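Trainee: What follows is a structure written as structure tokens; I'll ask about it next.
Bear in mind that the values in this text are calculations on the coordinates, not laboratory data. Please read these numbers as outputs of a predicted model, since none were measured by experiment. Cβ sites come from the backbone with ideal geometry, for glycine too, and all protein chains shown count toward neighbours.
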Amino acid sequence: MKLLPHAHADFMRGVHHEDDEYRMALYESDPGSPEIYDPTHECQAAKSGIVLTNYRVETNSDGRANLHFSDIHLDGVTLRYRYAVLFNASKGGRTIQVIDISKVVGVEGGLISIHMPEDGLVEFGSLQ
């Protein structure tokens, strides 16, 4: 998954740390590519973002490192979303990535699970 352009520089400057609080905000319409998390038009059931847990960085055999978090499970919620914004709440809401899942999904008064990609939310490094 690709970082937002400004997030590359943020990681190189050491802005984001393992012990920071990372969150995921959910949107039904495209939030664009903001540098700072914007709660406007965010799904009400996940207002202020969902706190992500189990921050970990894993490396693989091709020399890349991947940033991972645990899956999210929300029970008793009503929401619809297509986009997710990963942001660092500890750093003034600096955004890291916008994810488009290509279709609107949702639930009405039930359980929704958001499964994190096996290869992580963010990938660092290249084959070059």
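Trainee: Please report how far the C-alpha centroid of region 100-119 lies from that of region 1-49, rounded to the nearest whole angstrom.
Mentor: Distance between centres, Cα-based: 17 Å.
Trainee: Please compute one quarter of the surface area of the Cα convex hull for region 1-68 and express it in square nanometres.
Mentor: Mean shadow area of the hull around the Cα atoms is 5.6 nm².
Trainee: Now, a different point. If I take every Cα pair under 8 Å that is 6 or more residues apart in the chain, average their sequence separation and divide by the length, what percent do I get for the relative contact order?
Mentor: Numbers: 263 pairs, mean separation 42.2, N = 128.
Once normalised by length, the contact order is 33 percent.
Trainee: Sketch the reach of a paramagnetic label on Asp119 as a point 7 Å from Cα along Cα-to-Cβ, and name the residues of region 1-15 whose backbone nitrogen lies under 12 Å away.
Mentor: Taking a point 7 Å out along Cα→Cβ of Asp119, the residues of region 1-15 whose backbone N falls under 12 Å are 1-2.
Trainee: Of all the stretches in the chain, which is the longest one without any exposed loop site, taking GluC sites (Glu not before Pro) in a DSSP loop (any state but H, G, I, E, B) with at most 14 other Cβ atoms within 10 Å?
Mentor: Free of exposed loop sites, the longest segment is 22-117.
Trainee: Over all directions, the average projected area of the alpha-carbon convex hull for region 69-128 comes to how many nm²?
Mentor: 5.6
Trainee: Can you figure out the FRET efficiency of Ser102 with Thr40, using R₀ = 35 Å and their beta-carbon distance, to the nearest 0.05?
Mentor: Numbers: r = 22 Å, r/R0 = 0.64.
Taking R0 as 35 Å, the efficiency between Ser102 and Thr40 is 0.95.
Trainee: Are there any chymotrypsin sites (Phe, Trp or Tyr not before Pro) in region 13-109 that are in a DSSP loop and have at most 13 other Cβ atoms within 10 Å? List them by number. Display every interim value, and only then the final one.
Mentor: On the way: sites: Tyr22, Tyr27, Tyr37, Tyr55, Phe69, Tyr81, Tyr83, Phe87; in loops: Tyr37, Tyr55, Phe69.
Within region 13-109, no chymotrypsin sites (Phe, Trp or Tyr not before Pro) qualify (loop, at most 13 other Cβ atoms within 10 Å).
Trainee: I've got another one for you. Fewest Cβ neighbours within 10 Å first, please rank Lys47, Lys91, Lys103 accordingly. Intermediate values should be presented prior to the final figure.
Mentor: Values: Lys47 11, Lys91 17, Lys103 6.
Ascending number of Cβ neighbours within 10 Å: Lys103, Lys47, Lys91.
Trainee: Quick one: Debye curve from the C-alpha atoms of the chain, no solvent, what's log10 I(q)/I(0) at q = 0.14, 0.17 Å⁻¹?
Mentor: Result of the Debye calculation: -0.60, -0.88.
Trainee: Neighbouring Cβ atoms within 10 Å as the yardstick, rank His115, His6, His16 fewest first.
Mentor: Taking fewest neighbouring Cβ atoms as first place, the list is His115, His6, His16.
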